[in-house]
């Protein structure tokens, strides 16, 4: 049998060595990037938004059929509950008609009081409606990607809401995309108060579906079912945006059930309230292997 | 015989298919399915894809490809950059060094090996996440995610197997 030449005899171990070196080098680069990421280097954010901007059109196209299927599923479910739903809506309609009468009376009263006190009416806020195209979720991070960016007037720190209530705030913006940090995210801290008692607190996300209410005055006794709204403290969120209701208050702390059902998010409204809305400088939490998210 | 540029391009496209498919799996894994609680228990399709290709075609799923896949996942997820890249590289290394164990084995033992790799990956990420960001770990959600990941592996493996037979040259 012909023996392999000297070049061939050298090539195999060399190949193994190169593979081993490449692997070690890549491990070192990964660790280096983790350090860079922890330090929140601006370069990392720039690269991230560039990649997200490039991928968002693909995600937009892919998410449309899924949204359609989800919509059909929802319609089928609604169809099966149509009688019960009708009865519920009639009841709700009656209640809302009563509220409408109250609201009209209050509106007239408000207008007249504003005339008397020369109250400066808040200007209309600019907003952008954006489609949610990605769940960057998981056990450790809670954010969504939307198709609207700086080109549409979206800026870091702006508030994201739906008709149901507060969603979160803009954490990163590219030209065509933005990342919304949900109020359930580990880094989210929303100044709120209990609607009936006006007791102030902070709603702190911990990546669970039920964020915690912290820094509540010691004598405060929140009731289960009580509404929680933004307080406007700190200049991050404007006051009065509905956030959720007290879901539990006991040994495990006070947990809030957000009004917004995050898994159903299809569109969000990103509102420029003209607030500073500066996000605290902190490292992003690690994400697990996807879901990781 | 020297192949034409088109043949070379065709071969190149076929050889990059595992990498391209895995990148597509990363993008797909971010598409919102609008299911309740899916957010926290979504199965780890990227781990499945990297595992499959490393076991079956490690010659076409090199460490740099795995690194780029992990990095791409990190950039889209908004989490700590490098974490998924590091995790997937370690998974890749574990499989490559134990390649003899997987060679010629039927699907059952390979699936069992995937369950072991998924356990190690989940624990590694949970520990790292807690150590780096004090991120609380919801063991219930993690358990469901793990179970879904292991349970759905045969489905993705079947799909990737079809792609492998359709596109890839025999090693």
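On the basis of being over 30 Å from residue B:137 (Cβ atoms), surrounded by 15 or more Cβ atoms within 10 Å (Cβ to Cβ) and at pLDDT below 90, does residue A:232 make the cut?
It is true that residue A:232 is over 30 Å from residue B:137 (Cβ atoms), surrounded by 15 or more Cβ atoms within 10 Å (Cβ to Cβ) and at pLDDT below 90.
Given the structure, is residue A:169 closer than 16 Å to residue A:262 by Cα and in a loop (DSSP other than H, G, I, E, B)?
no
Working only within segment A:48-64, note down all residues that are farther than 16 Å from residue A:156 by Cβ and at the interface with chain B (Cβ under 9 Å from one of its Cβ atoms).
Correct list: A:51, A:55, A:58, A:59, A:62, A:63.
Being modelled with pLDDT of 85 or more and surrounded by 23 or more Cβ atoms within 10 Å (Cβ to Cβ) is the filter; apply it to segment A:266-293 and report the residue that is nearest to the other protein chains (Cβ to nearest Cβ).
Once the filter is applied, the top-ranked residue is A:268.
Working only within segment B:117-162, note down all residues that are within 18 Å of residue B:25 (Cβ to Cβ) and exposed (fewer than 13 other Cβ atoms within 10 Å of the Cβ).
Of everything in segment B:117-162, those that are within 18 Å of residue B:25 (Cβ to Cβ) and exposed (fewer than 13 other Cβ atoms within 10 Å of the Cβ) turn out to be B:151, B:155, B:158, B:162.
Which ones in segment B:116-140 are assigned to a loop (DSSP other than H, G, I, E, B) and touching a helix residue (DSSP H, G or I) at 6+ places or on another chain (Cβ under 8 Å)?
Within segment B:116-140, B:135, B:136, B:137, B:138 qualify.
Can you give me the number of residues within segment A:243-260 that are within 13 Å of chain B (Cβ to nearest Cβ), modelled with pLDDT of 90 or more and outside any strand (DSSP E or B)?
Residues in segment A:243-260 being within 13 Å of chain B (Cβ to nearest Cβ), modelled with pLDDT of 90 or more and outside any strand (DSSP E or B): 1 in total.
Given the options B:72, B:114, name the one that is facing chain A (nearest Cβ under 9 Å), closer than 26 Å to residue B:27 by Cβ and under 17 Å from the mean Cα position of the chain (by Cα).
B:72
Anything in segment B:72-85 that is assigned to a helix (DSSP H, G or I) and crowded, with 24+ Cβ neighbours inside 10 Å? List them, or say none.
Hits for segment B:72-85 are B:73, B:74, B:76, B:77, B:83, B:84, B:85.
Restricting attention to segment B:94-115, does a residue exist that is within 27 Å of residue A:39 (Cβ to Cβ) and outside any helix (DSSP H, G or I)?
No, that holds for no residue.
Of the residues that make up segment A:34-41, is at least one closer than 30 Å to residue A:130 by Cβ, under 22 Å from the mean Cα position of the chain (by Cα) and in the same structural domain as residue A:134 (by TED's automatic domain parsing)?
no
Residues of segment B:22-47 being outside any loop (DSSP other than H, G, I, E, B), at the interface with chain A (Cβ under 7 Å from one of its Cβ atoms) and closer than 21 Å to residue B:115 by Cβ, which ones?
Result: B:40, B:45, B:46, B:47.
In the list A:186, A:213, A:194, A:181, which residue meets the criterion of being in contact with a helix residue (DSSP H, G or I) (Cβ under 8 Å, 6 or more places away or on another chain) and surrounded by 20 or more Cβ atoms within 10 Å (Cβ to Cβ)?
That would be A:186, the only listed residue that is in contact with a helix residue (DSSP H, G or I) (Cβ under 8 Å, 6 or more places away or on another chain) and surrounded by 20 or more Cβ atoms within 10 Å (Cβ to Cβ).
Would you confirm whether any residue within segment B:84-91 is within 30 Å of residue B:109 (Cβ to Cβ) and more than 9 Å from every other protein chain (Cβ to nearest Cβ)?
No, segment B:84-91 contains no residue that is within 30 Å of residue B:109 (Cβ to Cβ) and more than 9 Å from every other protein chain (Cβ to nearest Cβ).
The values are calculated or read from the model by the stated rules, or taken from the named source; none is laboratory data. Remember, predicted model here, so these are calculated numbers, not experimental data. Heads up, the Cβs are rebuilt from the backbone with ideal geometry, glycines too, and the neighbour counts pull from every protein chain shown.
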